[in-house]
Amino acid sequence: MKLPSGKVPVRVLQNIVFKHLGIKRKEVLLGPSVGEDGAIIEVGNKALIISMDPITGALERIGWLAVNVNANDIATFGVHPSFFSSCIILPENTSEKTIETICKQMDSAARKLKIAIIGGHCETAPGITHPIIVGSAIAITGKNHYVTSGNAKLGNSLILTKGAGIEGTAILATDKQELLRKQFKASFIKKATNFFNQISVVKDAVSAFETGGVTAMHDPTEGGVAGGIHEIADASNVGVKIFEDKIPIQEETLEICRFFKIDPLQLISSGALLIAVKENFANKIVETLEGQKIKAVIVGEFVKESEKRILVGENGLEKPLVRPLSDHLWKALKQE
């Protein structure tokens, strides 16, 4: 069966990938799991949190995104990332200037987040048309001083920060700028391009975790907010009820999604953060984040039946929460 663009389906992970994982080691507290953003390895009285993610669908800010997206995966554990390494794969005949641009972008992002770049690899390869970066971020934390995506509980509230489709908006405004100019003013496109500046969730995640009451966190990347909600519910083996009118979507995202005829809830959403929290802590976390000028909204709650994934419309009618087959970024990028 032909695979869709982007992430492979969950069934492929479960039926193929997760069945071929080498030996088991006692130090691995969390290994490959549906809905989890990284691994946890116990080393003495400390724990290493390790994430890995590729950047494949963006061109202009690829180095900057590589650092931030991997740092976000670490931050969802409630821990600040400390180290980053990368594997940069370039098309044949790439110029040194391209390598310099990518490395400067990674350096800028790493300095802003106080991350050390500790190594990696860089090469050109046949058969690819644009740069690909596979990154890995690492953090060190105290034993048991973290959360995972898989601990959301019945009755927990679900908070979403910033809004849906942030990364997708920035990528489309940049890589499809010529096409968008046919309908939108330069000032609109520039504002949408600046969504890149919203992509880090390190501050969001660490602040929420330190406030207390957080049971699970997850950043909705490929598959967007809809996919991210399914992933945190999958990892936690719970159901979820989401109120559609509560989901924040910025105007630039709405307009660009209408232009490309795509769903903002299925558009890659790095920059947003899903936070499962004990109900009595939900308002406190929202207030803490809002006090740091991070928009945060309670968008739903977790329910008992794990197969129950409901989206409640403004009219009160319930429908299944869509599970994306492929991120809608790919649909938009194919348009001419």
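In region 201-231, how many residues are part of a helix (DSSP H, G or I) and within 17 Å of residue 281 (Cβ to Cβ)?
Here the count works out to 8.
Could you tell me whether residue 155 is in the same structural domain as residue 256 (by TED's automatic domain parsing), under 30 Å from residue 246 (Cα atoms) and not in a helix (DSSP H, G or I)?
yes
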The lone condition residue 194 fails out of (1) surrounded by fewer than 21 Cβ atoms within 10 Å (Cβ to Cβ); (2) modelled with pLDDT under 95; (3) of a type outside the set (Ser, Thr, Tyr) is (2)
Given 44, 63, 31, 38, which one is in contact with a Cys (Cβ under 7 Å, 6 or more places away or on another chain) and either more than 22 Å from residue 269 (Cβ to Cβ) or of a type outside the set (Asp, Glu) (or both)? 63
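Kindly provide the set of residues from region 17-57 that are in contact with a helix residue (DSSP H, G or I) (Cβ under 6 Å, 6 or more places away or on another chain) and part of a strand (DSSP E or B), ordered by number.
Those that are in contact with a helix residue (DSSP H, G or I) (Cβ under 6 Å, 6 or more places away or on another chain) and part of a strand (DSSP E or B): 49, 51, 53, 55.
Tell me whether region 81-92 contains one or more residues that are within 23 Å of residue 214 (Cβ to Cβ), at pLDDT 95 or above and part of a loop (DSSP other than H, G, I, E, B).
There is at least one residue in region 81-92 that is within 23 Å of residue 214 (Cβ to Cβ), at pLDDT 95 or above and part of a loop (DSSP other than H, G, I, E, B).
Every residue, every condition in (1) among the basic types (Lys, Arg); (2) over 22 Å from residue 202 (Cβ atoms), yes or no:
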{"position": "9", "(1), (2)": "no, yes"}
{"position": "24", "(1), (2)": "yes, yes"}
{"position": "32", "(1), (2)": "no, yes"}
{"position": "35", "(1), (2)": "no, no"}
{"position": "46", "(1), (2)": "yes, no"}
{"position": "65", "(1), (2)": "no, no"}
{"position": "74", "(1), (2)": "no, no"}
{"position": "78", "(1), (2)": "no, no"}
Does region 139-160 include one or more residues that are among the polar types (S, T, N, Q), loosely packed, with under 12 Cβ neighbours inside 10 Å, modelled with pLDDT under 95 and more than 30 Å from residue 239 (Cα to Cα)? no
Quick check on region 118-135: of everything there that is in contact (Cβ under 8 Å) with a residue 40 or more places away in the chain and within 17 Å of residue 71 (Cβ to Cβ), which residue is surrounded by the fewest Cβ atoms within 10 Å (Cβ to Cβ)? 134
With respect to residue 56, is the statement that it is at pLDDT below 95 and β-branched (Val, Ile, Thr) true? yes
Among 298, 242, 285, 294, the single one that is outside any helix (DSSP H, G or I), among the β-branched types (Val, Ile, Thr) and crowded, with 20+ Cβ neighbours inside 10 Å is 242
Take the conditions touching a helix residue (DSSP H, G or I) at 6+ places or on another chain (Cβ under 7 Å), within 23 Å of residue 149 (Cβ to Cβ) and in a helix (DSSP H, G or I) and apply them to residue 311. Does it pass? no
Exactly one condition in (1) in a helix (DSSP H, G or I); (2) of a type in the set (Phe, Trp, Tyr); (3) touching a residue at least 60 places away in the same chain (Cβ under 8 Å) is not met by residue 77; state its number. (1)
Close pairs from region 38-64: first closer than 30 Å to residue 176 by Cβ and assigned by TED's automatic domain parsing to the domain that holds residue 94, partner among the hydroxyl-bearing types (Ser, Thr, Tyr) and part of a helix (DSSP H, G or I), Cβ under 6 Å, at least 6 apart: 60/174
Going through (1) touching a Lys or Arg at 6+ places or on another chain (Cβ under 8 Å); (2) surrounded by fewer than 17 Cβ atoms within 10 Å (Cβ to Cβ); (3) not polar (S, T, N, Q) one by one, residue 182 fails only at (1)
Assess whether residue 182 counts as being part of a helix (DSSP H, G or I), without any contact (Cβ under 8 Å) to a residue 24 or more places away in the chain and more than 22 Å from residue 81 (Cα to Cα). no
So, in region 301-336, exactly how many residues are surrounded by fewer than 16 Cβ atoms within 10 Å (Cβ to Cβ), among the hydrophobic types (A, V, I, L, M, F, W, C) and closer than 20 Å to residue 275 by Cβ? 0
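The values are calculated or read from the model by the stated rules, or taken from the named source; none is laboratory data. Note that the coordinates shown come from a computational prediction; the quantities given were computed from them, not determined experimentally. Please note: Cβ atoms are built from the backbone with ideal geometry, for glycine as well, and neighbour counts cover all protein chains shown.
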